[in-house]
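Shown next, in structure tokens, is the structure this report addresses.
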Amino acid sequence: MAYLKNRIRSFGYAFSGLMNAIKTEKNLQLQTVVAILVIAAGIFFDISIRKWLAVIGCITLVISLELINSAIEKLCDLYSKEQDPRIKYIKDVSAAAVLVASILSAIIGIVIFGFDILNLFGHH
């Protein structure tokens, strides 16, 4: 029983962390809005299960990396508020991971939704 209570408590901490990050991190707020729009597009265009797997995978990847990036930035800020090239490198590389995942996700989104969007506007 204690094991189950600990797991539930851990889930609560994780959910609290997610909600706090969404409230405070502007990039995460934008990515959440984009995720909602992409999910709405998937429903509107009635995409296949395989496409849903790709969409959900991309959303999860980008948001997960943004959460990690935000945590790394906060940790770096605790370490030093002054200019430090090592801290800059850590923050830049962490942000680059989000950028790479976002670019890949955008390309996958274009492949998944591109023809549907063109057809919607009468371009065959």
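The values are calculated or read from the model by the stated rules, or taken from the named source; none is laboratory data. The structure displayed is predicted, hence computed values, not measured ones. In this analysis, Cβ positions are derived from the backbone assuming ideal geometry, glycine residues included, and neighbour counts consider all displayed protein chains.
Couple of notes before you dig in:
- Selection status of ILE72, at pLDDT 95 or above and in a helix (DSSP H, G or I): yes
- All positions within segment 58-84 that are under 10 Å from the mean Cα position of the chain (by Cα) and without any contact (Cβ under 8 Å) to a residue 24 or more places away in the chain: THR60, SER64
- The requirement of being farther than 24 Å from LYS88 by Cβ, touching a Ser or Thr at 6+ places or on another chain (Cβ under 7 Å), surrounded by 11 or more Cβ atoms within 10 Å (Cβ to Cβ) and free of Cβ contacts under 8 Å to residues at least 40 places away in the same chain is fulfilled somewhere in segment 20-40, by at least one residue.
- Among the residues of segment 104-124, those that are more than 19 Å from ILE49 (Cα to Cα) and either surrounded by 11 or more Cβ atoms within 10 Å (Cβ to Cβ) or of a type in the set (Gly, Ala, Ser) (or both) comprise LEU104, LEU118, ASN119, LEU120, GLY122.
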